Amino acid sequence: MALQVTLSGPFFISSCSAHRFNPLLFSQRRRCFPFSHWRFTRIKPRFFAVAASENGAFTSPEIAKSFDFSSEERIYKWWESQGYFKPNFERGSDPFVIPMPPPNVTGSLHMGHAMFVTLEDIMVRYNRMKGRPTLWLPGTDHAGIATQLVVEKMLASEGIKRTELGREEFIKRVWEWKEKYGGTITNQIKRLGASCDWTRERFTLDEQLSRAVIEAFIRLHEKGLIYQGSYLVNWSPNLQTAVSDLEVEYSEEPGFLYHIKYRVAGGSRNDFLTVATTRPETLFGDVAIAVHPKDERYSMYIGRMAIVPMTYGRHVPIISDRHVDKDFGTGVLKISPGHDHNDYFLARKLGLPILNVMNKDGTLNEVAGLYCGMDRFEARKQLWSELEETGLAVKKEPHTLRVPRSQRGGEVIEPLVSKQWFVTMEPLAEKALHAVEKGELTILPERFEKIYNHWLSNIKDWCISRQLWWGHRIPVWYIEGKKCEEDYIVARNADEALEKAHKKYGKDVIIYQDPDVLDTWFSSALWPFSTLGWPDVSSEDFKKFYPATVLETGMVMMGIEFTGTVPFSYVYLHGLIRDSQGRKMSKTLGNVVDPLDTIKDYGTDALRFTLALGTAGQDLNLSTERLTANKAFTNKLWNAGKFVLQNLPSQADTYAWETMLACKFDREEALLKLPLPECWVVSKLHILIDTVTASYDKFFFGDVGREIYDFFWSDFADWYIEASKARLYHSGGNSAAPLAQAVLLYVFENVLKLLHPFMPFVTEELWQALPKRKGALIVSPWPQISLPQNANSIKKFENFQALTRAIRNARAEYSVEPAKRISASIVASEDVIQYISKEKEVLALLSRLDLENVHFTDSPPGDANQSVHLVASEGLEAYLPLADMVDISAELDRLSKRLSKMQTEYEGLVDRLNSPKFIEKAPEDVVCGVREKAAEAEEKINLTKNRLSFLRSSVSASQ
């Protein structure tokens with residue numbers, strides 16, 4: 001099996017190859033073009049598929065042509081079966097803990113999940129390798145609204161209504177659904193490589209977590225932070241429940257702005273105000289008309305009364321308020337506090353009454369008079385028609401609406417006054433603000449700290465009750481015959497509630513529990529500590545793993561309130577995943593990208609690497625080009641592993657392995673003894689380890705990925721692997737081979753370690769294929785930092801690279817055939833020649849030089865005037881005999897024809913620019929474009945003339 005080092009070889013790809021360009025990475029390094037194979041005697045390749053034969057979970061690059069994505073699930077199951085996901089206290093005692101923000105039990109994987117799973121798994125795998133006991137605690141949220149909606153639809157398909165089953169039977173059906181379908185999102189998260197401790201998986205309705213929810217409610221109520229009251233909430237008419245602000249999505253939709261006359265009481269027919277509204281059906285709930293105090297159009301009406309249309313003469317006051325926008329619509333605002341959040345707060349500030357015209361099913365109530373019982377949207381149409389008939393309709397004009405829709409059902413949300421349970425948030429938010437001020441909590445990226453502070457400083461009381469059956473039942477019991485607002489009992493269970501009722505109201509009392517359940521977010525807010533055993537603070541998990549280290553979202557307030565400790569040290573926030581055009585992914589646009597389909601086409605590693613390379617906190621545009629480029633990166637790793645494996649000694653060759661493993665790179669004196677290419681690549685690796693480790697610690701994951709990618713592809717694959725072939729296939733013996741083998745193995749295995757948190761599958765597969773591996777990469781120690789680095793060797797090799805590039809570029813410029821070897825004279829000072837000449841064979845290999853005709857000198861050669869002169873860097877030059885590179889007479893003929901063609905094109909451009917008609921009539925950008933083309937053509941003509949002159953002088957000199 002011969003190793004072909006050819007143009008098509010997998011280890012050295014041309015800069016013009018399409019898949020070499022990774023649009024995610026912006027390296028300034030220049031890439032090199034390939035060369036034909038050099039005649040060296042090669043070492044017989046050895047084959048290592050040790051792990052594959054031992055446990056059957058892995059495949060060696062010696063067996064497979066490329067990494068097989070189908071092996072990812074096999075590798076994952078092997079990790080899990082070995083217990084690698086569990087925290088291990090053997091190497092350290094400072095735990096790294098992430099409570100996974102629980103996804104909805106009804107959910108299926110989308111790119112948002114893929115992003116947070118990737119980022120958290122990177123953190124977890126890195127800290128696990130650093131030796132910290134690592135716990136990534138997974139679980140799912142019971143998702144009250146979403147789950148109930150799913151099961152109700154399932155029942156509806158069977159012709160069954162929830163109300164026909166009753167509460168207990170319905171909840172039983174939901175549990176059955178959960179057991180059957182609830183694991184979908186969990187299995188999909190595993191497919192992304194999430195190294196969670198699944199033995200600790202939690203569900204928000206688990207017995208322990210439910211106990212924590214009840215305890216939290218009781219403690220907040222005892223402190224006076226939970227209260228019951230009627231306030232404006234987001235109401236879902238179809239679901240018949242309040243929904244949180246987080247579950248309301250606003251969409252830009254076409255609609256209308258309705259202009260309606262409100263006559264001024266006691267005035268003439270010309271005394272009226274025109275109100276512009278998007279929701280005329282809410283006018284039955286108007287309690288005032290407001291104008292700006294400095295709006296001269298309406299100042300004469302302030303203090304008078306207006307007649308609300310279609311209400312049989314109901315009067316409302318005309319008031320002034322500086323918050324009215326004079327420039328929106330007509331500058332007149334109808335105040336309907338029962339159906340608009342802004343109006344509600346304005347009415348409370350001004351002491352205005354609250355008037356509700358809507359039933360909970362979205363129909364109008366008796367306040368709407370003749371419109372009572374009509375659907376809100378039908379009432380809008382009917383009302384406008386009648387306003388037109390009575391002459392109170394001014395006009396209806398198209399207007400883009402910001403429509404609030406339910407995140408779950410998609411219906412239009414109705415602001416509605418409803419009796420609900422609330423948590424007073426201000427004292428909780430104050431503690432969370434102080435945590436950041438005192439440095440106990442760090443927001444990442446830092447720029448989001450302002451948003452965090454603004455949100456907490458303006459937080460509203462939290463409506464925690466939901467009119468559902470699925471969820472944590474509110475632990476409140478009412479007394480039959482008593483008013484609910486005044487007489488109720490808060491207890492941990494029905495028996496405790498009854499005992500309290502007996503003490504307060506006597507033995508004959510009858511109690512019943514509040515039918516509502518708590519908002520799903522109430523249990524999620526307790527997740528960082530309820531999953532560890534709270535309220536039992538003596539539990540082992542709570543003592544070992546609380547507080548946590550990182551969380552992606554800000555579940556801060558409840559942790560401080562109930563444990564007295566900030567629940568985690570860092571809040572890490574990421575942006576949205578958008579499509580390649582920067583648009584938000586949505587089913588409407590048809591641009592949703594399924595992570596599982598992406599994994600099937602590109603592999604999990606390529607997807608993870610792509611998602612992790614974004615800038616922290618910024619949105620990421622996901623494109624097939626990025627995924628394709630990173631799939632090529634996976635393949636490049638695989639091929640590099642193949643090369644390393646093929647060029648290691650046989651495991652049976654004990655002496656060769658002892659010689660190779662005796663090479664150490666962790667001491668400065670050992671590093672300085674290495675030949676230049678080896679000293680350079682090891683020094684660059686040690687710099688990379690330090691840089692990457694610092695970036696990991698700062699959560700700069702995009703920087704980590706780019707730094708590793710650039711080192712691996714440019715420094716290791718493009719340069720060192722190619723340079724090593726001069727050692728491995730040297731015709732004069734193999735004395736340098738063990739050192740090259742040692743360096744290849746040392747660098748490659750450290751790259752695998754650094755890259756493992758990003759690309760766990762391919763790196764583990766390659767790691768297991770390497771000989772002498774006793775453990776798994778997932779639990780291998782992180783590379784040591786602060787290893788020796790030799791800056792002088794790096795500078796010297798950069799000179800060597802500059803010389804190689806200059807020769808390669810000259811070959812390309814003169815279209816020298818890749819297989820052709822040419823002579824060269826290298827001119828430099830004595831010290832430069834000393835280290836360059838030592839690597840003569842490497843230079844000849846990388847630059848395609850004739851090894852027997854490479855000369856080193858301190859002055860130009862005698863045939864310098866017949867050579868191509870290259871300046872690689874200051875004090876380092878090369879002369880390449882022209883006769884070696886081209887057929888001079890043929891080149892003269894070719895360039896002469898080319899010059900003639902360029903002259904004709906140039907003259908045509910100049911003629912256009914000299915034409916007054918063209919300059920006067922053509923657009924400015926067109927004229928500028930022609931000028932640029934003319935300047936470019938002139939530059940090319942001058943270069944071609946210089947080339948011709950040089951070739952002619954060379955011919956003359958030779959004659």
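The values are calculated or read from the model by the stated rules, or taken from the named source; none is laboratory data. Values in this document were obtained by computation on a predicted structure and should not be read as measured data. So basically every Cβ, Gly included, is an ideal-geometry build from the backbone, and we count neighbours across all protein chains shown. We work out accessible area using only protein heavy atoms, side chains counted, and drop any ligands, DNA or RNA first. Shrake-Rupley method; radii C 1.70, N 1.55, O 1.52, S 1.80 Å.
Stretched out straight at 0.36 nm per residue, the stretch from HIS454 to HIS434 would grow longer than its current Cα-Cα span by 5.9 nm. Against the empirical 2.2 N^0.38 Å (N residues), the range 780-848 has a Cα radius of gyration ratio of 1.46.
Here's the list of aspartates and glutamates a cross-link from LYS945 could span, going by alpha-carbon distance under 17 Å and ignoring same-chain residues fewer than 8 apart: GLU813, GLU891, ASP893, GLU905, GLU907, GLU936.
On a per residue basis, the convex hull of the C-alpha atoms belonging to the range 165-221 measures out at 119 Å³.
Multiplying the residue separation of MET300 and TYR250 by 0.36 nm and subtracting their alpha-carbon distance yields 14.2 nm. Stokes-Einstein at 37 °C, 0.692 mPa s, Kirkwood radius from Cα pairs: D for the chain in µm² s⁻¹? Approximately 96 µm²/s, per Stokes-Einstein. Note that the range 350-475 carries a Kirkwood radius of 19.4 Å, evaluated over its alpha carbons pair by pair. Compared with the direct C-alpha span, the chain from ARG898 to ASN946 gains 16.0 nm at full extension, assuming 0.36 nm per residue. Please work out the Cα center distance from the range 471-485 to the range 224-291, rounded to the nearest Å. Between the Cα centre of the range 471-485 and that of the range 224-291, the gap is 31 Å.
Amide H contacts under 5 Å for VAL233: LEU416, VAL417, SER418, restricted to partners 5 or more places along the chain or on a different chain, H placed in the peptide plane at 1.01 Å from N. For helix 167-181, report the angle its Cα long axis makes with the longest principal axis of the Cα atoms of the chain; keep it between 0 and 90° and round to the nearest 10°. In the chain, helix 167-181 runs at an angle near 10 degrees to the longest axis.
Straight-line cross-link reach from LYS334 at under 26 Å between alpha-carbon atoms covers these lysines, not counting any fewer than eight positions away in the same chain: LYS261, LYS294, LYS326, LYS349, LYS360, LYS381, LYS395, LYS396, LYS419, LYS460.
Projected label points at ASN187 and ASN865, each 7 Å from Cα along the beta carbon direction, are separated by 8.2 nanometres.
Based on alpha-carbon atoms, the Kirkwood radius and the radius of gyration of the range 609-652 give Rg/Rh equal to 1.27. In this entry, the range 536-624 is assigned a mean projected area of 8.5 nm², taken as a quarter of its C-alpha convex hull surface.
Amide H to amide H, with H built 1.01 Å from N, ASN621 comes under 5 Å of ARG578, counting only residues 5 or more places away or on other chains.
Here the range 300-410 has 51 percent of its accessible surface on carbon and sulfur atoms, given a 1.4 Å probe and all protein chains in place. Rolling a 1.4 Å probe over the protein heavy atoms leaves LYS153 with an accessible area of roughly 140 Å².
Grab the beta carbon distance between SER81 and ILE888, set R0 = 60 Å, and tell me the FRET efficiency rounded to 0.05. So, using R0 = 60 Å, E works out to roughly 0.30. Under 12 Å of direct C-alpha separation, and excluding same-chain neighbours fewer than eight residues apart, LYS631 reaches these aspartates and glutamates: ASP68, ASP601, ASP605. The amide H of ARG202, built 1.01 Å from its N in the peptide plane, has GLY139, THR140 as neighbours under 5 Å, considering only residues 5 or more places off or on other chains. With a simple spin-label model that places each label point 7 Å from the Cα along the Cα-to-Cβ direction, the separation between THR565 and LYS774 comes to 3.6 nm.
Angle of helix 791-813 to the longest C-alpha principal axis of the chain, folded into 0 to 90 degrees and rounded to 10: 80°.
Among the protein heavy atoms of the range 833-924, carbon and sulfur supply 48% of the accessible surface, probe 1.4 Å, non-protein parts ignored. One quarter of the surface of the convex hull around the alpha-carbon atoms of the range 81-212 equals 9.6 nm², the direction-averaged projected area. Dividing the convex hull volume of the alpha carbon atoms of the range 259-393 by its residue count gives 101 Å³ per residue. The GluC sites (Glu not before Pro) of the range 478-528 meeting both criteria, a DSSP state outside H, G, I, E and B (loop) and at most 14 other C-beta atoms within 10 angstrom of the site's C-beta, are GLU480, GLU485, GLU486.
Relative to the longest principal axis of the Cα atoms of the chain, the long axis of helix 924-958 lies at roughly 20 degrees.
Taking one quarter of the surface of the convex hull spanned by the alpha-carbon atoms of the range 827-959 gives a direction-averaged projected area of 11.4 nm². Dividing the C-alpha radius of gyration of the range 326-403 by 2.2 N^0.38 Å, with N its residue count, gives 1.24. If you sort SER299, SER523 by accessible surface, 1.4 Å probe, largest first, the order is SER299, SER523. Principal axis extents of the C-alpha atoms in the range 149-284 (largest first, rounded to whole Å): 78, 44, 40. In this calculation the C-beta distance from GLU366 to LYS503 is compared with R0 = 35 Å, giving a FRET efficiency of 0.25.
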